[in-house]
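Let me begin by presenting the structure, written as structure tokens, before commenting on it.
Values quoted throughout were computed directly from the atomic coordinates according to the rules given, and no laboratory measurement underlies them. Not measured: the values here are computed from a predicted model. Reconstructed Cβ throughout: ideal geometry from the backbone, glycine too, with neighbour counts over all protein chains shown.
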Amino acid sequence: MLSFTERAVNVLLGVSMAFTFKLESGQHPSRDVIVRLPVSTSNTMLKALLRRSVKHDRRAIAQLMSIAENDARIRIKILSALYERTGNAYVIGITGPPGAGKSTLISALAKRYREEGFSIGIVAVDPTSQVTGGALLGDRIRMADLASDPKVFIRSMATRGQVGGIARATEDVVRILDATSTDYIMVETVGAGQSDIDIKSLAHTTLVVTAPGLGDEIQALKAGIMEIGDIFVVNKADKENTDKSVQEIYSMIMMSEPINGWRPHVLKTNALSGEGITALAQAIKQHEEHTRKSDQMKKAQTERLRREVLDAAKRYFEDIALQELASTEAFAKHVTMIEGRKEDPYTAARLLMKQWKKSRG
Ligand SMILES: Nc1nc2c(ncn2[C@@H]2O[C@H](COP(=O)(O)OP(=O)(O)O)[C@@H](O)[C@H]2O)c(=O)[nH]1
Ligand SMILES: [Mg+2]
């Protein structure tokens, strides 16, 4: 016999699966289909999606990401099934003020990596494009020729309403790409402090992109973004004052000590013409080699894993354990007692946790 929760979860699984299935066949999901879908089919379909996605089937990967975004429990199933395959992709964070040319630069880099035969994931996190809509469309058009390449996966995080917020959804998308044979993952975010993504902890190499004529670009860089760059890119090298910007950034870098033996590089590019892209790809390679051989990478990795486990445990509590607890009879009883002022919420919480611990052995 399945417990109520297990049955509920299976129904949920069925809902998501039926939904994706129906979307694929180009129809709207109908309730009848959802309810009649046998539980075993849903699990089989999830397995099939996982199987297809590890062969870098872009459609399957996109479906897995959507399911993970919308359903906490299946998200855990997906991430734990894929976990053993993660740890191979190299993640590049690209951050900087809007209009600096990040998306254009990513397209140029992606083309370069494709020429070398690497598979690419591009994740665009831009909370501003949800408001204007325009920026996203622009990115899409520029990325159009890449989008038809089966070895390039592009996902925009801008317009989705994710369970647990955009930062978590972005991390998940990166993990799923990592597990599905993606060599380089490029994550575009708007300048530090403007999105809630901690790009430094997500990426192995962080590029800070700026451009001359954006106004107070150096001032903008000073505010928190200076510390996170492994490589600084002054894009739009075709414009005036490029060398002045390079010089200013360079002198700021020379004033601070190298971090983990790495002194950031400063480069200029023209993302439209492709000038400087080879040098940029080389600088990224150098930083990759530096990071891979330094002790720091191993230490950082252990620290990252510790945080991942703690984070996963926290999310498990919040998304699943607490939800389960809230649906028990004992919980309802405590609420009734609190209503009658016969108990306080703090004692109830403590007793519930004690009971919950006991029930888990
Ligand atoms: N002149 C010039 N324009 C560029 C260059 N790179 C990007 N752009 C243009 O700058 C604008 C903003 O680029 P985009 O990649 O969307 O910037 P993002 O907001 O940082 O992602 C677009 O109109 C690009 O065509 C460059 O190297 N030179
Ligand atoms: Mg952009």
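Conditions: (1) surrounded by 12 or more Cβ atoms within 10 Å (Cβ to Cβ); (2) within 30 Å of residue 69 (Cβ to Cβ). Residue 355 meets all but one. Number of the miss?
(2)
In this structure, is residue 243 over 20 Å from residue 103 (Cα atoms), over 28 Å from the mean Cα position of the chain (by Cα) and in contact (Cβ under 8 Å) with a residue 12 or more places away in the chain?
Here the answer is yes, as residue 243 does meet what is asked.
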